[in-house]
Amino acid sequence: QLLQPALVQNSEDSIDELIRILLSSLSRVQYQQLSSTQADTPAQLSHFLVDIPVQDQERTDVFSLEIKEQETDNAEEPHKRLWEVTMYFELEHLKPMQVTIKVQQDNVSATFWPEAPASKTLIDGELGSLQQALEQAGLTVDELQCHKGPLPDSKNDEPPQSYLDIHA
């Protein structure tokens, strides 16, 4: 019987957390829809934002994905498209991290931006295995790199918390 209040409280906390994540995701979808109606650049063909909540035991993490399709500057092969996928996540053992993957035809490059030094050490130790796996899959690896430090500014392009200025 002593566990009942704790279970109910834990369940209510989980529901509150899921509602917060849902509202945040809806806000991002609205922001993405608004921004896609404006022509960013003529070279940008598609732009999608997706948040994926992931439950890990008692913690809920959100993986944010940004997918862009762009035309290339290569006049000789204008049909080749450049796909760029940026993932942002914050796992308890890895801390905040951003990964940018670029794919064009069979060429791939990836840049990892972990904030924690331990995460950088872990990733640096796995880059060789990642390159080998990508090459075995038939891809040409242009570049794999890992930079420790603050995340690039692209994560700072988040939508505002509120579209309504209540102080106006």
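The values are calculated or read from the model by the stated rules, or taken from the named source; none is laboratory data. The structure displayed is predicted, hence computed values, not measured ones. Note that we place each Cβ from the backbone using ideal geometry, even for glycine, and neighbour counts take in every protein chain shown. Only protein heavy atoms, including side chains, enter the accessible area calculation; ligands, DNA and RNA are left aside. Shrake-Rupley method; radii C 1.70, N 1.55, O 1.52, S 1.80 Å.
For the reader, a short list of remarks on this structure follows.
- Residues in region 78-94 that are closer than 17 Å to Gln57 by Cα and assigned to a strand (DSSP E or B): 3 in all.
- Per the listing Ser25, Ser14, Ser35, the residue uniquely at pLDDT below 75, open to solvent by less than 70 Å² (accessible area, probe 1.4 Å), more than 24 Å from Pro152 (Cα to Cα) and touching a strand residue (DSSP E or B) at 6+ places or on another chain (Cβ under 8 Å) is Ser14.
- Under the condition of being in contact with a Ser or Thr (Cβ under 8 Å, 6 or more places away or on another chain) and surrounded by fewer than 15 Cβ atoms within 10 Å (Cβ to Cβ), the residues counted in region 82-99 number 1.
- Taken over region 100-129, the criterion of being among the acidic types (Asp, Glu) and buried (at least 16 other Cβ atoms within 10 Å of the Cβ) is satisfied by Glu115 alone.
- The requirement of being part of a strand (DSSP E or B), charged (D, E, K, R), modelled with pLDDT of 75 or more and in contact with a Lys or Arg (Cβ under 9 Å, 6 or more places away or on another chain) is fulfilled nowhere in region 56-63; no residue meets it.
- All conditions in (1) over 22 Å from Glu17 (Cβ atoms); (2) open to solvent by 50 Å² or more (accessible area, probe 1.4 Å); (3) at pLDDT below 90 hold for Ile52, with the sole exception of (1).
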